[in-house]
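A.B. asks: Dumping the structure here so I can ask a few things about it.
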Amino acid sequence: MSLRSAKQKHARIEAILDAAETYRVEGTPEWPKLAELSEETVVDSVRGNPDSVILKGDRFSGIMNIYVILKVHGDDPFEETDAFPARFEGHFEGPQAVIDTVDVSVRSFYVGTGIEPP
C-alpha cells in the first residue's frame, strides 16, 4: 500500500469514527431497546472501534459501543452506566461518512435474569 493510499484509508476511517461519535441513537429503530432498560435512559457517548472498520468501495461496516446512563427514580433512586455493542453499516457521500443502519445488542443486560432480550 502506498503512502498516499494509506493516508486516504486513514482519513476514511477517521470520517467513519466521527460519524459514529455523532450518531444520534434516540429516535432510531434501535432506541426502544435501550430506552426500556430503565425509567430514564440517557446516551452518554458513542465510540467507534477503529480496528473493526471494514471498507469496501464507498461502503463500510464496523462496531461501535453505545455508552448510556440508566436512571431509576422513586423511593430508592439510582443511576448506573453501561455500554452496549452495536454493529453499523454505512456509505460515503464524498468525504463524509453516513451511517445507514445500526444493530444494538442489549443481551448483556439480561444475562442471568431469565428475561429474553428484545
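A.B. asks: Given the residues Ser61, Ser52, Ser45, which is the only one that is among the hydroxyl-bearing types (Ser, Thr, Tyr), more than 23 Å from Ile115 (Cβ to Cβ) and free of Cβ contacts under 8 Å to residues at least 12 places away in the same chain? Spell out the reasoning first.
C.D. replies: Numbers: Ser61 fails: free of Cβ contacts under 8 Å to residues at least 12 places away in the same chain; Ser45 fails: free of Cβ contacts under 8 Å to residues at least 12 places away in the same chain.
Step by step, each of Ser61, Ser52, Ser45 is checked, and only Ser52 is among the hydroxyl-bearing types (Ser, Thr, Tyr), more than 23 Å from Ile115 (Cβ to Cβ) and free of Cβ contacts under 8 Å to residues at least 12 places away in the same chain.
A.B. asks: Just to be sure, is Arg87 of a type in the set (Lys, Arg) and either touching an Asp or Glu at 6+ places or on another chain (Cβ under 9 Å) or under 14 Å from Val25 (Cβ atoms) (or both)? If you could, list the steps in order and put the result at the bottom.
C.D. replies: Details: of a type in the set (Lys, Arg): yes; either touching an Asp or Glu at 6+ places or on another chain (Cβ under 9 Å) or under 14 Å from Val25 (Cβ atoms) (or both): yes.
Yes: the conditions hold for Arg87.
A.B. asks: Mind checking whether some residue in segment 59-73 is farther than 16 Å from Glu26 by Cα, at pLDDT 95 or above and exposed (fewer than 14 other Cβ atoms within 10 Å of the Cβ)?
C.D. replies: Yes, some residue in segment 59-73 is farther than 16 Å from Glu26 by Cα, at pLDDT 95 or above and exposed (fewer than 14 other Cβ atoms within 10 Å of the Cβ).
A.B. asks: Suppose the filter is over 18 Å from Tyr23 (Cβ atoms) and touching a strand residue (DSSP E or B) at 6+ places or on another chain (Cβ under 7 Å); does Phe88 pass it? Step through it out loud before you land on a result.
C.D. replies: On the way: over 18 Å from Tyr23 (Cβ atoms): no; touching a strand residue (DSSP E or B) at 6+ places or on another chain (Cβ under 7 Å): yes.
Here the answer is no, as Phe88 does not meet what is asked.
A.B. asks: Restricting the search to segment 25-42, which residues are in contact with a strand residue (DSSP E or B) (Cβ under 9 Å, 6 or more places away or on another chain) and without any contact (Cβ under 8 Å) to a residue 12 or more places away in the chain? Give the derivation first.
C.D. replies: In the first step, residues of segment 25-42 are kept if they are in contact with a strand residue (DSSP E or B) (Cβ under 9 Å, 6 or more places away or on another chain); the result is 25-26, 28-31, 33-35, 37-42.
If the condition is that a residue be in contact with a strand residue (DSSP E or B) (Cβ under 9 Å, 6 or more places away or on another chain) and without any contact (Cβ under 8 Å) to a residue 12 or more places away in the chain, then Pro29, Trp31, Ala35 are the ones that fit.
The values are calculated or read from the model by the stated rules, or taken from the named source; none is laboratory data. Predicted model only: the values in this text are computed from it and were never measured. Every residue, glycine among them, receives a Cβ derived from its backbone with ideal geometry; neighbour counts consider all protein chains shown.
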